[in-house]
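Visitor: Before I ask anything, let me first share the structure, which is written out below as structure tokens.
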């Protein structure tokens, strides 16, 4: 095990750049003020992740990844919730990368999470529904658990044909969702879930019923009152490089108020049409003069240390660079996506090696190769930066993956256990290897991280050192980790469960196309 002191980083790891309480106060006040402007009936398009917003917590140190849920709990006596999911995302099994679960499973999880916090979902809307087989199964599953499900078909000519859209053949053809509270939160997993169309459809139906409802948008990024080239806003561009979003100065806001405000391309492009749709529905001139006006985001007012959030955002851009590089290698991302993030890094003079765990991980891989000179295998290295700034490394061996040795080395360090002490009995490792090779017919017998954690929990029953070390696993949460090769499913799942911020070089850990 290699240890390396990280003095500068250790001073900064626990620095806070964002004040949650200040943000909650500002944000709830802004939303309630907007509700009053629309006769106590507002449909609020709730963008971004409602729970576990780890992007926000990484770029705004101190940001509670569940602060939006806390906001909803603060407003729950005044709010109903509608959950949208695009039928196409269900059909192609689109993944939420931070959890490794599909969007439909994420929707189910979100309903449970809301219920656990005393918040009720008024209904689930499957948008752009066209009788897709997977979407129908999803609908049946929810309805058989007594959850109201609505289906909205794609509207012909959307969004250009305003006369058709704002008619009984357009929004009027959509099922109306009954709500009781003055504020209706419209949310859903991922971009393109149909939140905006659902909001406008509801506003149309309300006006037909004599209810003068309104629309507003809540989205954390980009932060409108930060500069265009602020790293936090650039990190948003990196996070959405796969869908080609980019930030710009809101031209409508600049013209109306002679003030700069930051928005992103899709909101700016759709604003003229959206404004016309709202005006046609309401029959009056819109109160909104810019897409920024439509927003109620107050995240910028929660920033209390600009230096801290700038540095954190730069690190997030580097993480995105590694992520897209791996996705490109695996065929999930395009070369253009990788190039977009490379351009952002050049603008900020960033290099991949500016991530502190990268070089120690690569050095560990070189040491493994040197130690096993002559072997034909692929040598992997891994590094973690602990909360005290210490960097610990691990490397692969015939017995275990580099992620496995890394985690064992890290918890030994945290528990003060000597490096030479075994946490796992050699007999246990050998027995698992025989099971994998002789019984399960696996090609590789070395332990991935998932298997290693199970073995550790078994050892903890009889080995005091293993028990002590296992209790230190929770201290790895939010630590930075880099691996020199794309992690196997068992390693990736294990690291995700530990809650580390993982990156890897876009190299495969085996020469085989299929690993069993």
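Visitor: By counting other Cβ atoms within 10 Å of each Cβ, how are 117, 323, 70 ranked from fewest to most?
Guide: 117, 70, 323
Visitor: At a threshold of 8 angstrom on Cα-Cα distance, excluding pairs fewer than six apart, so keeping six or more, what relative contact order does the range 81-191 reach in percent?
Guide: Answer for the range 81-191 is 33 percent.
Visitor: For helix 306-329, report the angle its Cα long axis makes with the longest principal axis of the Cα atoms of the chain; keep it between 0 and 90° and round to the nearest 10°.
Guide: Long axis of 306-329 versus the principal axis of the chain: about 80 degrees.
Visitor: Counting pairs of alpha carbon atoms under 8 Å apart in space and at least six apart in sequence, what relative contact order in percent does the chain give?
Guide: With pairs under 8 Å counted, the relative contact order is 16 percent.
Visitor: What's the angle, to the nearest 10 degrees (0 to 90), between helix 20-37's Cα axis and the longest principal axis of the chain?
Guide: Computed tilt is about 20 degrees.
Visitor: Between the alpha-carbon centers of the range 162-219 and the range 456-516, tell me the distance in whole angstrom.
Guide: So the two Cα centres are separated by 44 Å.
Visitor: Does anyone have the angle between helix 133-143 and the longest principal axis of the chain? Alpha-carbon axes, 0 to 90°, nearest 10?
Guide: The angle comes out at about 80 degrees.
Visitor: What do the square roots of 5 times the Cα gyration tensor eigenvalues come to for the range 98-226, in whole Å, largest first, as semi-axes of the equivalent ellipsoid?
Guide: 24, 20, 17
Visitor: What is the range 301-406 by shape, rounded, prolate or oblate, if you read a ≥ b ≥ c off the alpha carbon gyration tensor as root eigenvalues and call it rounded for a/c under 1.5, prolate for a/b larger than b/c, and oblate otherwise?
Guide: Oblate shape, in that a/c is at least 1.5 and b/c is the bigger or equal ratio.
Visitor: Inverting the mean 1/r over all pairs of different Cα atoms, compute the Kirkwood radius of the range 353-504 and quote it in Å.
Guide: 15.5 Å
Visitor: Sticking with this one: When the helices in the chain are scored as -39500 (n - 2.57) per DSSP H run of 4 or longer and the sum is shared across all residues, what 222 nm value do you end up with, to the nearest 500 deg cm²/dmol?
Guide: About -13000 deg cm²/dmol.
Visitor: Another one. Using only the Cα atoms of the range 360-438, build the gyration tensor, take square roots of its eigenvalues as a ≥ b ≥ c, and label the shape rounded, prolate or oblate: rounded if a/c is under 1.5, else prolate if a/b is larger than b/c, else oblate.
Guide: Oblate, since a/c reaches 1.5 and b/c is not below a/b.
Visitor: What number, in percent, do you get for the relative contact order of the range 446-516 if the mean sequence gap of Cα pairs under 8 Å and at least 6 apart is divided by its residue count?
Guide: Relative contact order, the range 446-516: 32 percent.
Visitor: Quick one: the Cα spread of the range 411-470 along its three principal axes, in angstroms, biggest first?
Guide: Taking max minus min along each principal axis of the Cα atoms, the range 411-470 gives 38, 19, 18 Å.
Visitor: Here's another thing I want to ask about it. Determine, for 285, 471, the number of other Cβ atoms within 10 Å of each Cβ, and report the residues in order from fewest to most.
Guide: Going from least to most buried by this count: 285, 471.
Visitor: Sticking with this structure for a sec: Of 462, 452, 488, how do they rank once you tally other Cβ atoms within 10 Å and put the fewest first?
Guide: 462, 488, 452
Visitor: Next question. Stick to the Cα atoms of the range 232-344, pair each with every other, and give me the Kirkwood hydrodynamic radius in Å at one decimal.
Guide: Evaluated over the range 232-344, this radius sits at 16.1 Å.
Values quoted throughout were computed directly from the atomic coordinates according to the rules given, and no laboratory measurement underlies them. These numbers come from a predicted model, not from an experiment. For neighbour counting, all protein chains shown are included, and Cβ atoms are generated from backbone atoms with ideal geometry for every residue, glycine included.
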